[in-house]
Each structure stands twice: as C-alpha cells, then as structure tokens.
Amino acid sequence: MVDAAPITPGPFRKVMGLFATGVTVIAAREGDEIHGMTANAITSISLDPLLALVCVDKQARMNRFLQSAGGFSINVLSEDQEALSRYFAGSWKPPAPPEFRFLPWEGGPRLIGCVAAAGCAIDRTVEAGDHWIVVGRVIALHEGDPTARPLVFFGGRYRRLAELEVPVPPEEWSNDAVHIYYDEWSGTDLSPPLTGEESPP
C-alpha cells in the first residue's frame, strides 16, 4: 500500500472553499470600543439549548474582545454589504471606510442593514488546532428586510443569489444547521475606524 501524499493547507482551503456559504460580521464590545471580524466559519449547533458557534484564529484580536465582552453578535450580510465584508476582513483599499453603524444590542452590537442577526452570550471556548471554537448561547434574534438577499462566498469569490428559471414552491424552514468565517476591525465607538487588518480566510 502506497502512502497518500500529505494534505497541505492550500489545497484544503481550496476544496473547503467549494462549499458555498453566507458571510457574517462578528461583533463584540469592550467598554466604548467595538471590534468587528468578517467570518463565514459560523454555524448553528443546537435548538435545546439554542447554541451557535464561530471559529476564531488564535492570532486574531477578536479573542481578547470576546474574553472581555462575554458575548458577541452574528450579523448576516446582505449582497449590497460586500464592502463591509472586505472592510472588516482588513482588505479594504480606499482611504475612507464604507458607511456603517452598530446599535447597542444583547450579546453584542448589531450591524444596521444586515439580513439577520443573533446575539450570543459566550457559553464555552474549545481549542481546535490554530483556532478557538467559541460557542454562544443565543439570547436575541433579529430579522431584517424580508426582501434582502444575502451575500454569498464561493470558490474564493463573492457571489449573488439568482432566482431559478422555473419557480418552485417555497419550502418550509427546517431545523438543519447552517454554516459560515474571515478576519477583523476595531473602533472606539459606534463610528467606523480608519484602518483594518488584512487576514482573509
């Protein structure tokens, strides 16, 4: 039997990137400072109790904020918020930040204009390789504009949803889990900062 060649991070990321996801901004507040991190490595875990998780790189500044804040928000971005995804991932190039605003909320700050949001209190943190799995107990939910479409990430690129050519009857919402990760930003109040930190997934 011939040993298989070792799998390296590059091909692994490429293959996992073929799993289409939504895009979120994870936000936590410590005192007057808000920290945001673009992420698609999020998922729901349990309905009883209500639990969700986000995976955070051990080198990310978000870890300090989560430990101090004790909670976070998961903000699902709409397709017209691609600029915010790039900004909170630290890959925003223009000198001025895109316009955005957070509202005080349970768990963590809520991003205005998002498709949906979940506020979470940190339940536990689990070490997993070069990341921490942060499990949150869901304590608040928000649904935005029902006509808004989510931002999608697939194959290393942002995508947009499109309607099927042949309409199909809408399906009832199931209890199946959903998934989603990226990087981050910090600000001293509810206004945006001037710079970001580049570290895309």
**Prompt:** Going by the conditions given, is Ile26 farther than 21 Å from Glu127 by Cα, in a strand (DSSP E or B) and within 18 Å of the chain's Cα centre (by Cα)?
**Reply:** no
**Asked** If you take the residues of the stretch 15-30 that are touching a residue at least 24 places away in the same chain (Cβ under 8 Å) and exposed (fewer than 15 other Cβ atoms within 10 Å of the Cβ), which of them is nearest to Leu161 (Cα to Cα)?
**Response** Ala20
**Message:** Filter the stretch 38-52 down to the residues that are under 11 Å from Val135 (Cβ atoms) and touching a Cys at 6+ places or on another chain (Cβ under 7 Å) and list them by number.
**Reply:** Ala52
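Let's see how each residue does on (1) assigned to a loop (DSSP other than H, G, I, E, B); (2) at pLDDT 90 or above; (3) loosely packed, with under 14 Cβ neighbours inside 10 Å:
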| site | (1), (2), (3) |
| --- | --- |
| Thr147 | yes, yes, yes |
| Phe153 | no, yes, no |
| Leu161 | yes, no, yes |
| Glu172 | yes, no, yes |
| Leu190 | yes, no, no |
**Item:** Any chance Leu141 is part of a strand (DSSP E or B) and either exposed (fewer than 15 other Cβ atoms within 10 Å of the Cβ) or modelled with pLDDT under 95 (or both)
**Value:** yes
**Request:** Please enumerate the residues belonging to the stretch 31-52 that are surrounded by fewer than 22 Cβ atoms within 10 Å (Cβ to Cβ) and either part of a helix (DSSP H, G or I) or out of contact with any Lys or Arg (no Cβ under 8 Å at 6 or more places or on another chain) (or both).
**Result:** Gly31, Asp32, Glu33, Ala41, Thr43, Ser44, Ile45, Ser46, Leu47, Asp48
**Asked** What is the number of the single condition among (1) within 25 Å of Leu161 (Cβ to Cβ); (2) surrounded by fewer than 21 Cβ atoms within 10 Å (Cβ to Cβ); (3) in contact with a Gly (Cβ under 9 Å, 6 or more places away or on another chain) that Cys114 does not meet?
**Response** (2)
**Item:** Odd one out for Pro109, checked against (1) out of contact with any strand residue (DSSP E or B) (no Cβ under 7 Å at 6 or more places or on another chain); (2) closer than 12 Å to Ile26 by Cα
**Value:** (1)
**Message:** What are the pairs with Cβ atoms under 7 angstrom where one residue, in the stretch 149-162, is more than 12 Å from Asp80 (Cβ to Cβ) and the other, located anywhere, is among the β-branched types (Val, Ile, Thr) and surrounded by 12 or more Cβ atoms within 10 Å (Cβ to Cβ)? Sequence gap at least six, or different chains.
**Reply:** Phe153/Thr21; Phe153/Val23; Arg159/Val152; Leu161/Val152
**Prompt:** Between a first residue in the stretch 84-108 that is over 17 Å from Glu33 (Cα atoms) and surrounded by fewer than 12 Cβ atoms within 10 Å (Cβ to Cβ) and a second residue that is modelled with pLDDT of 90 or more and not charged (D, E, K, R), which pairs have beta carbons less than 7 Å apart while being 6 or more apart in sequence or on different chains?
**Reply:** none
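The values are calculated or read from the model by the stated rules, or taken from the named source; none is laboratory data. All values reported here derive from a predicted model rather than from experimental measurement. Cβ sites come from the backbone with ideal geometry, for glycine too, and all protein chains shown count toward neighbours.
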